1. How much accessible surface area, in Å² rounded to 10, belongs to the heavy atoms of residue 90 with a 1.4 Å probe?
2. Determine the calculated [θ] at 222 nm for the chain from helices alone, applying -39500 (n - 2.57) to every DSSP H run no shorter than 4 residues and normalising by the residue count; nearest 500 deg cm²/dmol.
3. Run the quick spin-label model on residue 43 and residue 122: label points 7 Å from Cα toward the beta carbon, then report their separation in nm to one decimal.
4. At a 1.4 Å probe radius, which order do 144, 87, 3 fall into by accessible area, largest first?
5. Taking θ = phi - 60°, what integer Hz values does the Karplus form 6.51 cos²θ - 1.76 cosθ + 1.60 yield along region 28-38, in sequence order, with x for Gly and Pro?
6. Accessible area per residue of the chain at 1.4 Å probe, in Å²?
7. Amide H to amide H, which residues 5 or more places from residue 143 or on other chains are under 5 Å from it, using H placed in the peptide plane?
8. Order 62, 136, most accessible first, counting only protein heavy atoms with a 1.4 angstrom probe.
Amino acid sequence: ASWLGKRALDVAGAIVGLALALITAPFIALAIRLDSPGPIFYRQTRLGRGGQPFRLTKFRTMKVGAEQPGEVRWAGRNDPRVTRVGWILRRARLDELPQFLNVLKGEMSLVGPRPERAEFVAELQEAVPFYRARLMVPPGLTGWAQVNMSYGDSVDAARAKLEYDLYYVKHRTLAFDCVILARTLGTVLGMSGF
């Protein structure tokens, strides 16, 4: 029953989110295109529940060629690869809007641990005990770690975030999800993301 409630919340939230994405997409796309050359969207493979890979889509916030082929780099708080428009999109979390499609498809949930790249999961599970435990639940657009910590760009930050992720995995309920969503909305409206 709790799974059904969570899925219903996900679908309802994804529909509202995609409606918002459709309204704002032309303006965001124009801003991205005027600010820097390159595609409007950025697609990347992330790991979902049980380590299943899926393609995540975001509005592009970095310069084209931010990573060389085969290179994997953490994104930092004042990352020089982020464009001017990208910085605003990240602060308002607007770059995440296309991920409502991943939520609708069931690859993600509104709330859960953030989906990570396979390369980082491989690195972190070697350095951080129980890191793979966060893959027991679907990844989320937002999560308990996101509303309690700032952007993480190191193994130490990942270790700290894992404590919040594991707390969420153990105590997740529909009411807890609603608390996290309310706090996320405050972050978005306050432009205090990233």
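1. 20
2. Theoretical 222 nm ellipticity from helices: -15500 deg cm²/dmol.
3. Modelled inter-label distance: 2.2 nm.
4. 3, 87, 144
5. Result, rounded to whole Hz: 5, 4, 5, 4, 4, 5, 6, 7, 7, x, x.
6. 53
7. 112
8. 136, 62
The values are calculated or read from the model by the stated rules, or taken from the named source; none is laboratory data. All values reported here derive from a predicted model rather than from experimental measurement. Glycine gets a Cβ as well: all are built from the backbone with ideal geometry, and neighbour counts include every protein chain shown. All accessible areas refer to the heavy atoms of the entire protein, side chains included, with ligands and DNA or RNA removed. Shrake-Rupley method; radii C 1.70, N 1.55, O 1.52, S 1.80 Å.
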